[in-house]
Amino acid sequence: MRDDRGLSPSTVEQWGRRAGRFLPWCDETDRRREDLKPQDIDYYLATQEVGRRNGNRLALPKHL
């Protein structure tokens, strides 16, 4: 991802941590990864990720 998109190592590490939290959440909420819809990811970001970053709102990428 870093080489393909020119992302910094910090960005790649940050998204890796998010994926590390997202995948167990899928299992805990009985969401099969192959059946995920954009709405599932939106719901996760809205309910689980907001506030994780220094107690502030999470800055989501503009393409989401």
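The table for this structure:
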| quantity | calculated |
| --- | --- |
| Candidates Arg52, Arg31, filtered to the one that is of a type outside the set (A, V, I, L, M, F, W, C), modelled with pLDDT under 85 and surrounded by 13 or more Cβ atoms within 10 Å (Cβ to Cβ) | Arg52 |
| Of all residues making up region 16-37, the number that are within 17 Å of Thr47 (Cα to Cα) and either in a helix (DSSP H, G or I) or hydroxyl-bearing (Ser, Thr, Tyr) (or both) | 13 |
| Matching residues in region 1-15 - criterion: being in a helix (DSSP H, G or I) and either loosely packed, with under 10 Cβ neighbours inside 10 Å or in contact with a strand residue (DSSP E or B) (Cβ under 6 Å, 6 or more places away or on another chain) (or both) | Asp3, Asp4, Arg5, Pro9, Ser10 |
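The values are calculated or read from the model by the stated rules, or taken from the named source; none is laboratory data. From a predicted model like this one, the values you see are computed outputs, not experimental measurements. In this analysis, Cβ positions are derived from the backbone assuming ideal geometry, glycine residues included, and neighbour counts consider all displayed protein chains.
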